[in-house]
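First comes the structure, then the notes that go with it.
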Amino acid sequence: MKSYKIKALLLLLIFSISISQAQTIEIIVNGQNPVNEISFDDLERIYLGKMTLWENTDEDLTILPSILRENSILTGQLMFATIKKSRSKLNAYWRKKLFSGAGIPPKEFRTSESVVNYVASNPGAIGIITSEAKNKMELNVKVIKRIRRRK
Amino acid sequence: MKHLFTISTILLLSSFSFAIDKDKIQINGYVSFEFEKQIEDEGNGDKKGSFDADLFDIVMNFRVSERLRASADFTWEHGSASEDERGNLALEYGFLEYSVRDFFKVRFGKLFTPFGTYNEIHTAKPAFLSVKEAASTNKPERIVGEKAFRFFPRWGAGIGIRGDSYIARKNFDYDLMIANGEQQTENPFEQDENSFKSISGRFRIDLSDYFQIGTSFHFDKPADSLNQKITLQSHGLEMRIQSGNFEVTSEVLIGFRKANGVKVRQTGFFIEPVYYLENGLTPYFRFEFIDANSKIAKDYGTAYILGLNYEFSQGFMFKFENNYIKGSENTSLKDIPNKSYNEIKAAIVLGF
């Protein structure tokens, strides 16, 4: 009986890994934002609060970064794949920046769908989501970068 | 020209009030509760052992417009009760910031002095691992007594310029502040006793993903109640190295204080290696050194701080450490036979 449980767990693990390997991380912005692509360097600067303005837009537009809450391995992988910092180090970094008055940290959401809704309703917003986030293309958002999730 | 006009308008109409959408307000803060107890009978620490309702702090950010931000940090320290004149209630900072570009932001108001590693987070206990900030560079009198002087004031009322940018894909940031400077009789955040303004600044650059260096300076001619001619000039050098879970932060400061032709050179230094374990536990060690006056022999002091920081969940942490303070013959510890003492410190901290 015990060996069956172990096999079942192993199968579940392999299945999870194969599913996760198929996932893609997507960087989305509001549909009205004229930006159509973004470099890794700029993405890192945005999520570290070093880049706060969309400077290539006609009107003033503050960048409003959004992220998933620290509640899953996935969140950590998303952050590491995009800005090369673990979620805990990103939190520590932002505590220093926030309490010293240097900036406002990214807005946190529980689900990718909430990130999509936030980006859809704020012209300056940017979000990092998984490709499974539903209905995003029906909303006022566009994908400006796709990243294959690291194995 | 458009930005110059906007900045001028902000200055002229600084009392103008705005109605702000609740989505444009963000409130954060932190709470810290501490305990300190000196082990030996003699020393400069807390001999009886005390609980300390250290801080309740609220940080508010108002995004007034796409380029204008108002930010304030209110602190209630040591269980503030104004009726009994206990504790401390303070506006740590309160400013307007206008972003011309990311590399050029202008601030007006009460600001933290941009100097070194710890000053701008000295009350923000969730922002660093140890119970207290490094004394050797921030409060040198805690190690060697009142003979030491502060390298720079905590705050200044004035104008700040700051920005982030990059050179050859290496990120850097800078800060520059012109303020009233230190005062003896007047409120330094309201009125200057002399016409000279203090100047402070800092420049930091990420030489790689793992190595950051920075330099700071502060220059002032503080007014003095005895009409002494005083100048204060401080320079700092800081660096941070990260490799996996291992991190080392270090800083060295040299300050020159000249009063009526007598010049004193003071040196402060700390090095802090830490190792981030996977389960939220972080052991840390900090060695500190302060020489209050280079011309007086044996007036230096050292501190060895060994501690453990345990972050239960995001921003919620427990800290426990021992501070071993060792003075020399001419420090305030001169009357203590072995010229050293231990003090344990603990804290429960929440950042939100």
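Some notes on this structure:
- From A:I144, A:I126, residue being modelled with pLDDT of 85 or more and surrounded by 21 or more Cβ atoms within 10 Å (Cβ to Cβ): A:I126
- Of all residues making up region B:179-197, the number that are on the phi < 0 side of the Ramachandran plot and within 17 Å of the chain's Cα centre (by Cα): 2
- In region A:13-108, counting only helices (runs of 4 or more DSSP H) that sit wholly within it, the ones holding 3 or more residues that are touching a strand residue (DSSP E or B) at 6+ places or on another chain (Cβ under 9 Å) and at pLDDT 75 or above span A:40-47, A:87-99.
- Scanning region B:41-61 for residues that are more than 10 Å from chain A (Cβ to nearest Cβ) and assigned to a strand (DSSP E or B) yields B:S50, B:F51, B:D52, B:A53, B:D54, B:L55, B:F56, B:I58, B:M60.
- Residue within region B:12-21 that is of a type outside the set (F, W, Y), in a strand (DSSP E or B) and more than 10 Å from chain A (Cβ to nearest Cβ) present: no
- Flag for B:I348 being buried (at least 18 other Cβ atoms within 10 Å of the Cβ), of a type in the set (V, I, T) and in contact with a strand residue (DSSP E or B) (Cβ under 9 Å, 6 or more places away or on another chain): no
- Residue match in region B:92-103 (condition: under 29 Å from B:I325 (Cα atoms) and more than 9 Å from chain A (Cβ to nearest Cβ)): no
- Whether a residue is among the small types (G, A, S), under 27 Å from A:E55 (Cβ atoms) and modelled with pLDDT of 95 or more was assessed, and B:A70 passes this test.
- Members of region B:168-178 that are crowded, with 18+ Cβ neighbours inside 10 Å and of a type in the set (A, V, I, L, M, F, W, C): B:F172, B:M177
- Which numbered condition B:N279 fails, given (1) within 14 Å of chain A (Cβ to nearest Cβ); (2) surrounded by 16 or more Cβ atoms within 10 Å (Cβ to Cβ): (2)
- Residues of region B:179-215 that turn out to be buried (at least 16 other Cβ atoms within 10 Å of the Cβ) and touching a Ser or Thr at 6+ places or on another chain (Cβ under 6 Å), as a count: 4
- Looking only at region B:122-153, residues that are touching a residue at least 24 places away in the same chain (Cβ under 8 Å), among the basic types (K, R) and more than 12 Å from chain A (Cβ to nearest Cβ) come to 3 in all.
- Pair list, Cβ < 7 Å and 6+ apart or interchain, from region B:79-101 residues that are β-branched (V, I, T) to residues that are at pLDDT 95 or above: B:V100/B:V106
- One residue alone among B:F51, B:F95, B:F56 is under 21 Å from B:P153 (Cα atoms) and out of contact with any Asp or Glu (no Cβ under 7 Å at 6 or more places or on another chain), and that residue is B:F95.
- For region B:105-153, a residue qualifies if it is over 24 Å from B:A179 (Cβ atoms), surrounded by 24 or more Cβ atoms within 10 Å (Cβ to Cβ) and of a type in the set (D, E, K, R), and exactly one does: B:K125.
- Of all residues in region B:37-54, at least one satisfies being surrounded by 15 or more Cβ atoms within 10 Å (Cβ to Cβ), in contact (Cβ under 8 Å) with a residue 24 or more places away in the chain, charged (D, E, K, R) and touching a helix residue (DSSP H, G or I) at 6+ places or on another chain (Cβ under 8 Å).
- Note on region B:300-329: among residues that are polar (S, T, N, Q) and surrounded by 15 or more Cβ atoms within 10 Å (Cβ to Cβ), the one that is farthest from B:A346 (Cα to Cα) is B:S328.
- For region B:246-264, a tally of residues being surrounded by fewer than 15 Cβ atoms within 10 Å (Cβ to Cβ) and closer than 18 Å to B:H235 by Cβ returns 1.
The values are calculated or read from the model by the stated rules, or taken from the named source; none is laboratory data. The structure presented is a predicted model; accordingly, all values stated were derived computationally and were not measured. Because the Cβ atoms are built from the backbone with ideal geometry, glycine has one as well, and the counts that use them run over all protein chains shown.
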